[in-house]
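Before any comments, here is the structure.
Computed from the coordinates by the stated procedures, all read-outs in this text should not be read as laboratory data. These numbers come from a predicted model, not from an experiment. Positions of Cβ are generated from backbone atoms using ideal geometry, with glycine treated the same way; all protein chains shown enter the neighbour counts.
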Amino acid sequence: MSGDAPAIEASGLTKRYGEVLAVDDFTFSVGRGEVVGFLGPNGAGKTTTMRMLTGFVPPTDGTATIAGHDIFADPLAARRAVGYLPESPPLYPEMSVEGYLRYVATIKDVPRRVRREAVDRSLERCGLVEVRRRVIGALSKGFRQRVGLAQAIVHDPPVLILDEPTVGLDPIQIQEIRSLMADFAAPGEGETPRAVILSTHILPEVEAICRRVILIHQGRKVIDQPLSELIAGGQSLEEVFGRETSRDISAGAEGAMENAP
Amino acid sequence: MRHVGTVAGREIRSLFVSPVAYVVLTLWAVLAGFFFLSNLIAFQTELVRMQQFGAFDMVRTVNLNDHLIMPFMGSMWIILIFAIPGVTMGLFASEKANGTQELLLTSPLTIWEIVLGKFLAGAVFVLLMTAVVAFFPGILFVYGDPELGKTLSGLLGLLLVSLTYVAVGAFASSVTSNQLIAFFLAFGVLLLFLMMPFIAELGATRGALGQEATAADLMRWLSTGSHFEQLLRGLVDTADLGYFAFVIGTFILLSKAAIESVRWR
């Protein structure tokens, strides 16, 4: 992997579903060791953007590089560099936690000789050691979410993309997942520093663990700023969010972009 | 292509922790036993009757292959139409329902590795089913003297038909996230394949297809039955093998296109 390339470099990402423009000319970059809160109301294009970065759907226009690998020119290397937790964790209910992680490690091209080590490490980091032999379908929702996180980090990817990882969990579980996420940003022993993109619409979550905020509204980037700057001057993230997402910036409201802070 | 085995291995393990594999295999074994026995009894009665009527010339032409093994395998063929969709319905549909399709497609796997892995899993399962069927003619080799070549070619036929059905079933599973729909879609297509010669016949007698002899011929060629029958008779012809390869290849390509279409929608 090219060492000095930014973890994520997206330029002009656009996704069109027929007539609907889901993501419009989205350009941003994320460096190693950065944790970025990816905000936006439902339907703003968060999931679509993440799916383009992870290689699940190709962009209609524009491109992105993941750890220096272009998603079109070298899709396998780009996908190898991403750990991805979709909105609903992609689990096989009939598999054991350990068996599942071993399978994911295999398809993510973790070499055979270090596979066991990789599985053990991600079990440990996600607090799954005592349930390693349990069947996934029999686990509680909080544990299943942890297994989802474990599969995203099992191959020690330089880029981690998490789509609403705390939705539907109780407050204690949310707290656990949050501290796991904060933990992922800081690399463990022998791990590479990661770039983390966290999509959510829970604002306190962003304030708790992100240092930078990207706000997307109606498919366009409206804010890309460090959190500290954004809430400088005493306004809360909630106020910023409310103000930016109440405006209509879709076709015919082009001028709105210029007023964006 | 190194992950074909990984994908197939996971699929096979999943098949065997779910009840589906056991239900299908048990039913398959029980039905095989039943049909073998009923064909055996029919064979016996026929033989006794011929001897009673002193038709010794006919007795000499009666043999285990044509009068017992062939009808037995023919009956098992019909069961395949129900059994295989049950095995293949979950191949892709369950990945979509679980959301694991997103894991597969965002992993460094090629679509070919996914599709061939799934097909390989189905192939291993039908190999097991063929082995169950092979057990019964095996008994005849202990007590009688059937022709080995003919028996093996019949088993090969049964295996090829099964693989064809797996390819059809995999395709049906690749276009939906609902296993029940996948089952009935596969069943419907297989039934159509089975009925092809009858449709051709009907068309020919009614004159609808009378002039279009090619259409009727095409339908007859497309039906699995005629090719399977050749193999049951012990005739291993490249034309028939080519037919199976063609249909299997076509449906694997269709499945690949269906899985890929998620990306380009």
Q) Taking every residue in A:103-109, how many Cβ atoms of other protein chains lie within 10 Å of its Cβ, on average? A) 6
Q. For segment A:41-192, what is the Kirkwood hydrodynamic radius in Å, using each pair of distinct C-alpha atoms?
A. 16.0 Å
(Q) Less than 13 Å Cβ to Cβ from B:GLY157, Lys/Arg counted +1 and Asp/Glu -1: what total charge do the surrounding residues give? (A) -1
Q. Separation of segment B:73-109 and segment B:230-262 by C-alpha centroid, Å?
A. 17 Å
Q: Would you mind giving the average projected area, over all directions, of the Cα convex hull of chain B in nm² with one decimal?
A: 17.4 nm²
**Q.** Charge-dipole axis of the protein assembly as shown as Lys and Arg at +1 and Asp and Glu at -1 on Cβ define it, positive-most pick from B:GLY188, B:GLN51, B:TYR22
**A.** B:GLN51
(Q) List the lysines whose Cα sits under 28 Å from the Cα of B:LYS96, skipping any in the same chain fewer than 8 residues away. (A) A:LYS15, A:LYS46, A:LYS108, A:LYS141, B:LYS118, B:LYS256
(Q) Quick check for me: using +1 on Lys/Arg Cβ and -1 on Asp/Glu Cβ, what's the dipole size of segment B:4-260 about its Cα centre, in debye to the nearest 20? (A) 380 debye
Q: May I ask you to give the average projected area over all directions of the convex hull of the Cα atoms of the protein assembly as shown, in nm² rounded to one decimal?
A: 32.3 nm²
Q. Per the Debye formula with a single identical scatterer at each Cα and no solvent contribution, what log10 I(q)/I(0) holds for chain A at q = 0.09, 0.11, 0.17 Å⁻¹?
A. -0.40, -0.60, -1.35
(Q) Quick check for me: using +1 on Lys/Arg Cβ and -1 on Asp/Glu Cβ, what's the dipole size of the protein assembly as shown about its Cα centre, in debye to the nearest 20? (A) 1000 debye
Q: Select from segment A:1-70 those GluC sites (Glu not before Pro) which occupy a DSSP coil region and have at most 13 other Cβ atoms within 10 Å, ordered by residue number.
A: A:GLU19
Q) Where in chain B are the helices, taken as whole DSSP H runs, whose Cα atoms extend 15 angstrom or more along the long axis and whose Kyte-Doolittle mean reaches at least -1.0? A) B:4-17, B:19-52, B:70-88, B:111-143, B:148-174, B:179-206, B:238-260
Q. Counting other C-beta atoms within 10 Å, which of A:ARG51, A:ARG80, B:ARG220 has the fewest, and how do the rest follow?
A. B:ARG220, A:ARG80, A:ARG51
Q. Tell me, what is the FRET efficiency for A:ALA138 and A:ASN42 to the nearest 0.05, using R0 = 35 angstrom and their Cβ-Cβ distance as r?
A. 0.65
Q) What average count of beta carbons from other chains do you get within 10 Å of the Cβ of residues in A:90-97? A) 5
(Q) Which order do the peptides A:213-219, B:225-231, A:237-243 come out in when sorted by mean C-beta neighbours inside 10 angstrom, highest first? (A) A:213-219, B:225-231, A:237-243
**Q.** Rounded to 5, percent antiparallel among DSSP beta bridges of the protein assembly as shown
**A.** 55 percent
Q: Please name which of A:THR27, B:ALA134, B:ALA257 has its Cα lying farthest along the dipole of the protein assembly as shown towards the positive end, using unit charges on Cβ (Lys, Arg +1; Asp, Glu -1) and the Cα centre as origin.
A: B:ALA134
Q: Mind jotting down the distance between the C-alpha centroids of segment A:126-144 and segment A:1-67, whole Å?
A: 31 Å
Q. Once all Cα-Cα distances of segment B:78-215 are split into 5 Å bins that start at 0, what whole-number percent is in each one?
A. 2, 10, 15, 15, 14, 12, 12, 9, 7, 4, 1, 0
Q: Would you mind calculating the relative contact order of chain A from Cα pairs under 8 angstrom and at least 6 residues apart, reporting the percent as a whole number?
A: 24 percent
Q. Where does each of A:LYS15, A:LYS141 land when they are ranked from fewest to most other beta-carbon atoms within 10 angstrom?
A. A:LYS141, A:LYS15
Q) To the nearest 500 deg cm²/dmol, what mean residue ellipticity at 222 nm is calculated for chain A from DSSP H runs of n ≥ 4 alone, each contributing -39,500 (n - 2.57), summed and divided by the residues? A) -10000 deg cm²/dmol
Q. Rg (Å, one decimal) plus Dmax (Å, integer) for the alpha carbons of segment A:95-156?
A. 10.4, 32
Q) How do B:THR238, B:THR106 line up, fewest other C-beta atoms within 10 Å first? A) B:THR238, B:THR106
Q: Just tell me how shielded B:93-99 is by partners: mean number of partner chain Cβ atoms within 10 Å of each residue's Cβ, no decimals.
A: 3
Q.
Tell me the relative contact order for segment A:92-187 as a rounded percent, counting alpha carbon contacts under 8 Å between residues six or more apart.
A. 31 percent
Q: Return one number: the angle in degrees, 0 to 90 and rounded to the nearest 10, between the long axis of the Cα atoms of helix A:97-107 and the longest principal axis of the Cα atoms of chain A.
A: 70 degrees
Q: Determine the calculated [θ] at 222 nm for chain B from helices alone, applying -39500 (n - 2.57) to every DSSP H run no shorter than 4 residues and normalising by the residue count; nearest 500 deg cm²/dmol.
A: -28000 deg cm²/dmol
Q: Would you mind checking the tilt of helix A:171-185 against the longest principal axis of the Cα atoms of chain A, expressed as 0 to 90 degrees and rounded to 10?
A: 90 degrees
